[in-house]
1. Short version: which residues of the range C:19-40 lose at least 50 Å² of accessible area, all chains versus chain alone, 1.4 Å probe?
2. Taking the Cα atoms only, what angle lies between the long axis of helix C:24-34 and the longest principal axis of chain C, rounded to 10 degrees?
3. Please identify, among C:L62, C:L106, C:L120, the residue showing maximal mean-square fluctuation in a Gaussian network model of chain C using a 10 angstrom Cα cutoff.
4. Compute for chains D and A the buried accessible surface, both sides summed, probe 1.4 Å, and express it in Å² to the nearest 100.
5. Give me the accessible area of C:F90, 1.4 Å probe, in Å² rounded to the nearest 10.
6. At a probe of 1.4 Å, how much accessible area disappears from chains D and C on forming the pair, both sides counted, to the nearest 100 Å²?
7. Quick one: Cα centre-to-centre distance for the range A:60-76 and the range D:1-50, in angstrom?
8. State, as an integer percentage, the relative contact order of the range C:8-146 based on alpha-carbon contacts under 8 Å between residues 6 or more apart.
Amino acid sequence: MAKQLYWEDVADGSELTPIPKIATTQMLVKWAGASGDLNPAHYEDTFAAAQGLNRAFVQGQLKRAWLVQLVTTWIGDEGTLKKLSCQFRAVDWPRFMASLTDPKEGETWWCKGNATKKYVQDDEHLIDCDIWVENGKGEKTTPGKATVALPSRGKS
Amino acid sequence: MEAEEVKQKFAGMVGEPIVNVVEKGSIKRYAYAVEDPNPLYYDEEYAARSRYGTVIAPPGFFGWPAKPGPMLPKLMLDLLNGLKEAGYPNLLDGGIELEFMVPIRAGDVLVSSPKIMDVNERTTKAGTKMVFGTIETTYINQNGDTVAKARQNLICLPGA
Amino acid sequence: MVSVDELRGMIGKEAKVEVTQIEKGMIKKAAEAIGDPNPLWQDEKRARKTKYGGIIAPPGLLITAMMSGSRPEGSMPFQRLLAGGGEWEFLLPIRAGDVITSTTALADVYEREGKAGKMLFFIFETIHKNQLDEVVAKSRSTLINY
Amino acid sequence: MAKQIFYEDIEEGAEIPALTKHITRRQLVMWAGASGDYYELHYDKDFAQSTGVPDVLVHGRLKAALLGQLITDWIGEEGRLTKLSCSYRGMDLPGEDLLCKGKVTKKYVKDGEHYIECEVWTQNPKGERTTPGTATIVLPSRGR
């Protein structure tokens, strides 16, 4: 695991370490098969097309889980995620399987975020953040917010 | 049924509680599907040395699979059917809000209870009518602790 | 390209050890994926009255969960890979709570001339043992590299 | 559960009650989830077609597991499947009915156990055997 982040290390506007994600049909099927959420809109192109959504698209809940990973990776083992919310503003489609190894340009998604507020409440050292999933064109398809508690160097 | 009647009927309604045992295997499958390599979810020795003392589930895991029915919890289906009858057949996902109180550990038994918090018909400035609804699910573990809450917002639009 | 003789040198060498903790959720998932409603795999009450005294895993769990047939590093000379078949020997029932250690080794390699040219047949053998060190199953799988 | 069958009830050449499966894409995704086999050939149509097959294919191991069900449905709680083998000969597509069938080829007693050997197979709508195999089972005997 990365080294522990402390409350004092973060300033308003600090960036959360971004995480790249490459959504593939495989990732969608892993999520569907393992979660038991078997909505065919996420693995059957014809079904998704009939709903006017072109082809099988990324599960909103999967993008939410990416955002959880963004935050928990940043805060480390000693940090605690207190609250997370997100909205599914735009649909994301997995990349085409042109080759098994390399994504085409614009087919990498980024999970990103910024600290917006630092404060101490009930003896907890808290940080509010804006977080989002960004598609290859730089559009925020899944914006959200998170509140985390971090350890403080002041107490040990 | 009118939207107001839907509100009368559904607001405050509580769904069947669902019991889930949190298994190590399903935590692993979840983290694997997200492609999240955090050893707290996979590595028992590492997790034992952490402040949690054992493998934990990623926040947001709850009792995976989170959806007991083939698609949606029955309470939500009933509400959506009611709104369809009231002339609001088109559902938009209004986003989700999660609150985490206590970590979920492998072996936990979680009881989740969904409740319809609110159903409200509103008219936008442009004159479009919409219905906003919120379903809150509370997750309680075997010790009686509330481990998390999830609020799902629904937006229903009138048919064409 | 590796020769068949070189590949044959790998026979019997242990390729992979995999440990699987058998959980009820896993048994349920396998039964659902097969579409097999047999109460022996899912209905604790009903299964308790049988000679097994509780739910056991369907034969299909061994076919799903323990992906026996791992390939030795860099040993497959051709690009395409095809599963040729499988063989499973079921010796003892598998239950939730069991910890199964599966050890896979290359058992045979041979070459054949097929419609698509040269084909290499790899046979992998897996021994599955439980936490009491009892052999619960053996399996073989054929992978065709061409 | 069907009623228990006994060794003495079974004749060589007897047919195993057939099992019909209608395999959907949804079931392939469930199998992928349960087995951890996420090869794209089984759910990504574009990928499958790029390898020269008409559509996504049913997993060979899923067909093996279905043959397992064919046997365990038939032999009841007192019977025991001891061996199953099969080869993946032909491709099967989702959306088609897949018939699982079998026939008793041999019965014998060895070390006090009552054995039945069968040939088993999956059959596509054209009647072709796509997954031929064999199964060995132990049945209870009325003699004991």
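1. For the range C:19-40, once contacts with the other chains are taken into account, C:Q21, C:E23, C:K29, C:A33, C:I34 lose 50 Å² or more.
2. The helix C:24-34 is inclined about 70 degrees to chain C.
3. C:L120
4. Details: alone 8130 and 8930 Å², together 15820 Å².
Summing both chains' loss of accessible area gives about 1200 Å².
5. For C:F90, the solvent-accessible surface is approximately 30 Å².
6. Numbers: alone 8130 and 8780 Å², together 14300 Å².
Buried surface at the D/C interface: approximately 2600 Å².
7. 36 Å
8. Worked out over the range C:8-146, it gives 30 percent.
The values are calculated or read from the model by the stated rules, or taken from the named source; none is laboratory data. These figures come from a predicted structure and were not determined experimentally. Note that each Cβ is placed from the backbone with ideal geometry, even for glycine, and that neighbours are counted across all protein chains shown. Surface areas here come from the heavy atoms of the whole protein model, side chains and all, with no ligands, DNA or RNA. Shrake-Rupley method; radii C 1.70, N 1.55, O 1.52, S 1.80 Å.
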